[in-house]
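Asks: Take a look at the following structure, please.
The values are calculated or read from the model by the stated rules, or taken from the named source; none is laboratory data. Just so it is clear, the structure is predicted and the values come from calculations on it, not from any experiment. FYI the Cβ positions are ideal-geometry reconstructions off the backbone, even for glycines, and counts take in every protein chain you see. Heavy atoms of the whole protein, side chains included, go into the accessibility calculation; ligands, DNA and RNA do not. Shrake-Rupley method; radii C 1.70, N 1.55, O 1.52, S 1.80 Å.
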Amino acid sequence: MTLESPIAAERRLQVQAALSDIQALLPAAGAVTREHLAAVTTRLERLAQRRELFPVSDFPPPAAGQGVGASTRYRLNPDDAADAPALYLNSINPGKTTLPHNHTTWACIVALSGQELNRVYRRSDDGSRAGRATLEQLREVVVQPGQSVSFLSDDIHSIHVTGDTPTLHFHLYGQPLETLSGRIGIDLATGEIVNYNATQMKPGQEVRA
């Protein structure tokens with residue numbers, strides 16, 4: 001049996017405390033609002049201030065041989081229920097870019113280190129063409145220490161990892177990513193709508209932590 005290190009034990013306690021506080025900030029019934037997400041993000045930023053609990057030795061970036069933009073998701077509460085918020089610590093090598101996509105649940109992204117450019121969009125079509133959509137870019141947000149971002153379930157964004165160092169960012173979702181089978185991605189060049197989980201999420205990226 002492997003003994004838990006003091007850092008790992010304290011990290012587990014602090015993650016559990018943060019998630020308990022976050023659960024209390026969410027509505028018991030009804031829709032999550034941007035005001036709820038602002039409060040959740042603030043609590044997650046407090047956890048990010050405990051940078052010493054998340055050393056690179058415990059959460060290494062993907063090896064260089066895995067390619068430009070390779071990523072690893074470390075699941076910080078892997079034993080929680082499938083309908084409970086899921087907290088990941090994402091490490092992404094520079095160069096990663098994604099299709100614009102939604103989540104079908106709320107999401108908060110908070111940085112410990114590194115930069116991730118988020119482009120935020122809205123649909124500009126009327127939904128009348130099956131399998132096709134057009135988007136209008138609304139804004140850009142560079143997620144980095146001191147600058148977070150959050151999304152409601154139908155919000156659409158793309159990510160682009162900039163800079164020359166890997167990211168280490170909290171990604172908190174209303175449900176685990178693998179359960180979100182209805183997510184869509186939109187090809188900006190063609191307007192094609194694809195199933196995001198089925199076509200864009202690579203298997204074997206998630207690590208229990």
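Asks: How would the chain be classified by its alpha-carbon gyration tensor: rounded, prolate or oblate, with rounded meaning a/c under 1.5 and the a/b versus b/c comparison settling the rest?
Replies: Here the chain falls in the prolate category.
Asks: Find the relative contact order for region 55-209 and round it to a whole percent, using C-alpha pairs within less than 8 Å whose residues are 6+ positions apart.
Replies: 33
Asks: Work out, step by step, the length gained on full extension between GLN49 and THR33: first 0.36 nm times the residue separation, then minus their alpha carbon distance; give nm to one decimal.
Replies: That works out to 3.3 nm of additional length.
Asks: Rounded, prolate or oblate: which one fits region 60-140, using the alpha carbon gyration tensor with axes a ≥ b ≥ c (rounded when a/c is under 1.5, else prolate when a/b beats b/c, else oblate)?
Replies: oblate
Asks: Using a cut-off of 10 Å between beta-carbons, work out the net charge of the residues near VAL141 (Lys and Arg +1, Asp and Glu -1, VAL141 not included).
Replies: 0
Asks: Measure off 7 Å from each Cα along the Cα-to-Cβ vector at THR165 and GLU178, then give the distance between these two points in nanometres to one decimal.
Replies: 3.1
Asks: Something else now. In region 1-97, which GluC sites (Glu not before Pro) fall in coil by DSSP and have 13 or fewer other Cβ atoms within 10 Å?
Replies: Qualifying residues, ordered by number: GLU4.
Asks: Now a separate question. Could you tell me the calculated FRET efficiency between VAL141 and VAL194, based on Cβ-Cβ distance and R0 = 22 angstrom, to the nearest 0.05?
Replies: So, using R0 = 22 Å, E works out to roughly 0.40.
Asks: Lys/Arg Cβ at +1, Asp/Glu Cβ at -1, dipole of the chain taken about the Cα centre: which of ILE109, PRO145, ALA18 is farthest positive-ward?
Replies: PRO145
Asks: Right, another one. Roughly to the nearest percent, how much of the accessible area of the chain is carbon and sulfur, given a 1.4 Å probe?
Replies: With neighbouring chains kept in place, the figure for the chain is 51 percent.
Asks: Can you work out the accessible area per residue across the chain, with the rest of the protein chains kept in place, probe 1.4 Å, in square angstrom?
Replies: Heavy-atom SASA per residue in the chain reads 50 Å².
Asks: Could you compute the net charge surrounding GLY163? Neighbours are other residues with a C-beta less than 14 Å from the C-beta of GLY163; K and R count +1, D and E count -1.
Replies: The answer is -1.
Asks: What's the longest uninterrupted piece of the chain once you rule out the trypsin sites (Lys or Arg not before Pro) that are loop residues per DSSP with at most 16 other Cβ within 10 Å?
Replies: Within the chain, the longest run free of exposed trypsin sites (Lys or Arg not before Pro) spans 130-209.
Asks: For helix 34-48, what angle does its Cα long axis make with the longest principal axis of the chain, in degrees from 0 to 90 and rounded to 10?
Replies: 40
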